[in-house]
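Some notes on the structure that comes next.
Nothing in this text is a laboratory measurement; each read-out follows from the coordinates by a stated rule. Every value quoted in this text rests on a predicted model; they were computed, and no experiment measured them. Every residue, glycine among them, receives a Cβ derived from its backbone with ideal geometry; neighbour counts consider all protein chains shown.
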Amino acid sequence: MANRFRGLPEARRNWSMLAREIGDQLRTARIVAGATQRQVGDAIGVSDSEISRRELGKSRRLTGERLAVHAGAVGLKLWVRLFPLGGGVRDSAQAKYVAAFVARVGRRWRVMIEAVMPVTGDLRAVDVLLSSDAVRIAVEVMTRLGDLQAQIRAAQAKARDIGATRLVVVVADTHANARALRESEGALVPAFDLATRRVLRELAAGRDPGRDAIVLLRLYP
């Protein structure tokens, strides 16, 4: 049971840092708006001392809704995203597909597993980063397709933010996943090469596949 909650101390430290950063943004926005702490407090129904605590990152009563209202009062918009602890490899099944993919194509590449974003505080990681002198390929491994469009957008955002020149989405070759890809093929073709064998062959040879790609991968081909 203890291992299940091993991320709690890190979560508390992370919130302490975020609370200070949020406080700085709230204070700066208030000053830019030409408002006093009392004026902001009166507008949202809290005391000026509570506004002060929030701006110092020390409030113990700041729920998500209250933060959104406070942010709106000083001209800001709250946006929250959650990321898995420790990067992208979240379970043993995904780890097996990562290992199988790297074993199949990684010999001619510099390989980094769980490559983290080059931005302080950004907890996202790319499952595999393949790099050479000419290209950087972000590889995202998906064992189960759900909201495919949302999963693809998230993968594209990570590839962009880590500075990759190419995105390869590796999908576990299951009946459900293959069916989901067939059903979405018309929407995917303009943006992705779906020729699994060709893409894997090019990657195994250390070559850029030429387009972003989605490949179906079996653990035991």
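Express in nm, to one decimal, how much length is gained between R60 and V119 on full extension, taking 0.36 nm for each residue of separation and deducting their alpha carbon distance.
18.5 nm
Taking the number of other C-beta atoms within 10 Å as the exposure measure, put R20, R60 in order starting with the fewest. Could the numbers behind the result be given before it?
On the way: R20 14, R60 7.
Fewest to most other Cβ atoms nearby, the residues stand as R60, R20.
Amide H of A125: which non-local residues (sequence gap of 5 or more, or other chain) have their own amide H closer than 5 Å, using H built in the peptide plane?
G88
When only Cα pairs under 8 Å and 6 or more residues apart are kept, what is the percent relative contact order across the chain?
Working: 296 pairs, mean separation 31.8, N = 221.
For the chain, the relative contact order is 14 percent.
Looking at the chain as a GNM with Cα springs under 10 Å, which of P118, P209, P190 has the largest mean-square fluctuation?
Largest GNM mean-square fluctuation: P190.
Taking the Cα atoms of segment 3-73 alone, what are Rg (to one decimal) and Dmax (as a whole number) in Å?
Just the Cα atoms of segment 3-73 yield Rg and Dmax of 13.6, 48 Å.
Can you list residues from other chains, or at least 5 along the same chain, whose modelled amide H is less than 5 Å from the amide H of E114?
Sorted by chain and number, the residues that satisfy this are V128, L129.
Provide the per-residue ³J(HN,Hα) series for segment 22-27, in order, calculated from phi with Karplus coefficients 6.51, -1.76, 1.60 and θ = phi - 60°, each as a whole number of Hz, with x at glycine and proline positions.
In residue order, the calculated couplings are 4, x, 4, 5, 5, 5 Hz.
Would you kindly derive the ³J(HN,Hα) couplings of segment 177-191 from the backbone phi angles with the Karplus curve 6.51 cos²θ - 1.76 cosθ + 1.60 (θ = phi - 60°), listing them in order in whole Hz, with x for Gly and Pro?
5, 4, 5, 4, 5, 4, 5, 9, 4, x, 7, 8, 3, x, 9
What residue among L76, L200, L181 has the largest mean-square fluctuation in a Gaussian network model of the chain, using Cα springs under 10 Å?
Fluctuation is largest for L76.
Between [x] -0.69, -1.17; [y] -0.51, -1.50; [z] -0.53, -1.36, which entry matches log10 I(q)/I(0) by the Debye sum over Cα atoms at q = 0.11, 0.18 Å⁻¹ as derived from the coordinates of this structure?
Given [x] -0.69, -1.17; [y] -0.51, -1.50; [z] -0.53, -1.36, the structure-derived one carries the label [x].
State the extension gain, in nm to one decimal, for the chain segment bounded by Q25 and R104, taking 0.36 nm per residue of separation less the distance between their alpha-carbons. If you can, show how the numbers build up before the last one.
Numbers: separation 79, 0.36 × 79 = 28.44 nm, distance 4.70 nm.
So the extension gain works out to 23.7 nm.
Ratio of alpha-carbon Rg to the 2.2 N^0.38 Å globular estimate for segment 85-165, to two decimals, please. Write out the running numbers ahead of the final one.
Numbers: Rg = 12.3 Å, N = 81, 2.2 N^0.38 = 11.7 Å.
After normalising by residue count via 2.2 N^0.38 Å, the value is 1.06.
With +1 assigned to the C-beta of every Lys and Arg and -1 to the C-beta of every Asp and Glu, and no other charges, what is the dipole magnitude of segment 92-217 about the Cα centre in debye, to the nearest 20? List each step's numbers first, then the result.
Values: 19 positive and 14 negative charges, 78 e Å.
That gives segment 92-217 a dipole magnitude of about 380 debye.
Quote the charge dipole size of segment 3-73 about the Cα centre in Debye, to the nearest 20; the model charges only the Cβ of Lys and Arg (+1) and of Asp and Glu (-1). Working shown, then result.
On the way: 14 positive and 8 negative charges, 83 e Å.
Approximately 400 debye in magnitude.
For Y220, Y97, which order do you get if you count the other beta carbons within 10 Å of each Cβ and list the fewest first? Numbers along the way, then the final one.
Numbers: Y220 4, Y97 21.
So the residues, fewest neighbours to most, are Y220, Y97.
Cross-link candidates for K96: which aspartates and glutamates have Cα within less than 17 Å, leaving aside residues fewer than 8 places away along the same chain?
Once the sequence-local aspartates and glutamates are set aside, what remains near K96 is E114, D127, E140, D173.
Roughly how tilted is helix 64-73, in degrees to the nearest 10 and between 0 and 90, from the longest Cα axis of the chain?
On a 0 to 90 degree scale, this one is about 70.
What are the residues whose amide H is under 5 Å from the amide H of V168, where those residues sit 5 or more places off or on another chain and H is modelled from the backbone?
A138, V139, E140, A213
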